[in-house]
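What follows is a single structure, written as structure tokens, with notes after it.
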Amino acid sequence: MMKKILQFICCFTVIVILNQDVLGQTSSGYLDMSTYLKLADSDIIYPSSEQIEMLKKVLPKEAFRPAPKLSDRTYWAAIANSESGHYYLVKANGLLNTKPEVPITHSIYRLANKEGKLTITYTPL
């Protein structure tokens, strides 16, 4: 049952992402979901080679980028001058001098402590 749910979620994600305009990047076609699902093997959750070929035709031509390139100084200057941009800059600068904490189990903590391998702050779970 879990495999079926996972397959549905994967297929739903494929439908939503590949059949729409992704930030102005239109794919070269559409995904025929009924054909795509007919090619699926119920015992595996990843796409078959035939399904991969179908997906290649509908993928955007360029990689998704959540924000413009760093060279777009106009965009980044606007972010830096915004209220939220200033908030996150102050917050990030405040975190620069803090040591990272890595949550680990008690047994790993004891072993690392015994061997003297505590190079960063460990937080036992």
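The values are calculated or read from the model by the stated rules, or taken from the named source; none is laboratory data. Small disclaimer: the values here were computed from a predicted structure and weren't measured. Positions of Cβ are generated from backbone atoms using ideal geometry, with glycine treated the same way; all protein chains shown enter the neighbour counts.
Residues in region 70-89 that are exposed (fewer than 12 other Cβ atoms within 10 Å of the Cβ) and under 22 Å from the mean Cα position of the chain (by Cα): 70 alone. Residue count for region 27-69 satisfying the condition of being loosely packed, with under 11 Cβ neighbours inside 10 Å and among the polar types (S, T, N, Q): 4. Of the helices (runs of 4 or more DSSP H) contained entirely in region 21-125, those carrying at least 2 residues that are out of contact with any Pro (no Cβ under 7 Å at 6 or more places or on another chain) and at pLDDT 80 or above fall at 33-38, 49-58, 73-81, 83-95. Residues in region 44-69 that are over 18 Å from residue 31 (Cβ atoms) and more than 20 Å from the chain's Cα centre (by Cα): 1 in all.
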